[in-house]
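These notes are about the structure you will find just below.
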Amino acid sequence: MRDRIWCNPTQSYLRPLPKRLGVTPQGRSRRLERVLTDFGCEHSFARAAESVWEHYGIVLGASTVRAATLKHAHRARTQLEGEYEQPFRVLPAVGNEHVIAQADGTLIRTVEPGPRKSRRAREWKEMRLVAAQAKDSATTVYGATFGSVEETGRRWGHCTRLAGWGSNSSIHALGDGAEWIRLQCQEVFQSQGTFLCDFYHVSGYLGAAADRCRPQQPDAWRRTQQKRLRRGAIDKVIESMEPFVEPTGTPEEEAPVRNGHRYLTNRLDCLDYPRALRLGLPIGSGLIESGHRHVLQARLKKPGCAWLRDHADQIAHLRVIKANHQWASFWN
């Protein structure tokens, strides 16, 4: 294609073709930036550049993909943070009867700012992910942050409202029993929320204690306690562990029965599995575990990967927009 250069009485260098096409020298069209960002938030920047060449025949460097992806990741974070600043307790009178809300944390490997080839300290930082989904719905709303537990709770509230939280709703919150999740459930959902410990997390404590409580048949003992939990006989589970609780001076790593006994006795109000099963609600936290894998870890925990904390936070927000099916509106 030939590009003619024109001149007129006021301008000696006029190129109408780039203006007509909407491009600038060394610039990128909106459509190309969308493609770069799409590939860049899914794959490494080098692999994304290869995908652009393979699918579109455009040769670009990894640094170009990185610049475009981080530019729009920053825009995604700004957009979402603006939404999170709005109050989330302005609820419709009628919402979904039951909304499932889950939260958990995952570790992201971060690196300090500095020259790329210098020896920089690496550190694992916890990024918290929240998710909400109406009962019997296939649509999940996610939120992620490196921020405080209070900030995490605010995003949890926003996600739950978008998932269908109304004044008539019952919020079924699940987690691994971490104190911050339980407290945020109480703070955010108040009287509408009930917290349930993840059944499979509790089963992990029972499995660890089984070798001490019944060394001849540990699997049978564990299954018996799981059946008791399902029908609400938590007192019998605790009673079966009490004779085998290790002495006080035993190191934590050598006291699986004591750890399990303490975990259960400290969470008696979070083990109402019969209610959840009766209402057809989940007793496991598979929703948030799968969210960790496809929302955060698929891009942020690739082998050998380490991120500047700010960049990891931006990419997480970009992937949240994609997971929440807001990708089209983000570009329009």
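The values are calculated or read from the model by the stated rules, or taken from the named source; none is laboratory data. As the structure is a computational prediction, the values presented were derived from the model and not from experiment. Neighbour counts run over all protein chains shown; Cβ positions are idealised from the backbone, glycine included. Note: areas computed on protein heavy atoms with side chains; ligands, DNA, RNA excluded. Shrake-Rupley method; radii C 1.70, N 1.55, O 1.52, S 1.80 Å.
Is it true that T145 is more than 28 Å from R275 (Cα to Cα), open to solvent by less than 80 Å² (accessible area, probe 1.4 Å), polar (S, T, N, Q) and in contact (Cβ under 8 Å) with a residue 12 or more places away in the chain?
Numbers: more than 28 Å from R275 (Cα to Cα): yes; open to solvent by less than 80 Å² (accessible area, probe 1.4 Å): yes; polar (S, T, N, Q): yes; in contact (Cβ under 8 Å) with a residue 12 or more places away in the chain: yes.
Answer is yes for this residue.
Please find, among V320, V245, the residue that is more than 18 Å from the chain's Cα centre (by Cα) and surrounded by 15 or more Cβ atoms within 10 Å (Cβ to Cβ).
V245
Give the residue that is surrounded by the most Cβ atoms within 10 Å (Cβ to Cβ), with candidates limited to residues of segment 212-232 that are under 18 Å from C197 (Cβ atoms) and in contact with a Phe, Trp or Tyr (Cβ under 9 Å, 6 or more places away or on another chain).
Across segment 212-232, the extreme among qualifying residues is L229.
Considering only residues that are more than 33 Å from the chain's Cα centre (by Cα) and assigned to a helix (DSSP H, G or I), look in segment 199-235 and name the one that is nearest to C270 (Cα to Cα).
D235
Quick one: would you say D235 is surrounded by fewer than 16 Cβ atoms within 10 Å (Cβ to Cβ) and acidic (D, E)?
Considered against the rule, which asks whether it is surrounded by fewer than 16 Cβ atoms within 10 Å (Cβ to Cβ) and acidic (D, E), D235 comes out as yes.
Could you say which residue among V99, V52, V35 is at pLDDT 95 or above, surrounded by 17 or more Cβ atoms within 10 Å (Cβ to Cβ) and closer than 18 Å to N332 by Cβ?
V35
So, in segment 189-198, exactly how many residues are without any contact (Cβ under 8 Å) to a residue 60 or more places away in the chain and open to solvent by less than 30 Å² (accessible area, probe 1.4 Å)? Spell out the reasoning first.
Quick first cut of segment 189-198, residues without any contact (Cβ under 8 Å) to a residue 60 or more places away in the chain only: 190-192.
Subsequent filtering for residues that are open to solvent by less than 30 Å² (accessible area, probe 1.4 Å) retains none.
Within segment 189-198, residues that are without any contact (Cβ under 8 Å) to a residue 60 or more places away in the chain and open to solvent by less than 30 Å² (accessible area, probe 1.4 Å) number 0.
Quick one: would you say G175 is small (G, A, S) and in contact with a helix residue (DSSP H, G or I) (Cβ under 6 Å, 6 or more places away or on another chain)?
yes
List the number of the failed condition for H74; all other conditions in (1) open to solvent by 70 Å² or more (accessible area, probe 1.4 Å); (2) closer than 14 Å to V320 by Cα; (3) of a type outside the set (V, I, T); (4) out of contact with any helix residue (DSSP H, G or I) (no Cβ under 7 Å at 6 or more places or on another chain) hold.
(4)
Counting residues that are within 16 Å of T78 (Cβ to Cβ), which helices (runs of 4 or more DSSP H) fully inside segment 264-332 reach at least 3?
Working: elements: 273-279, 286-291, 309-323, 327-331.
Result: 309-323, 327-331.
Among the residues of segment 165-180, write down those that are more than 13 Å from A103 (Cα to Cα) and open to solvent by 40 Å² or more (accessible area, probe 1.4 Å).
S167, N168
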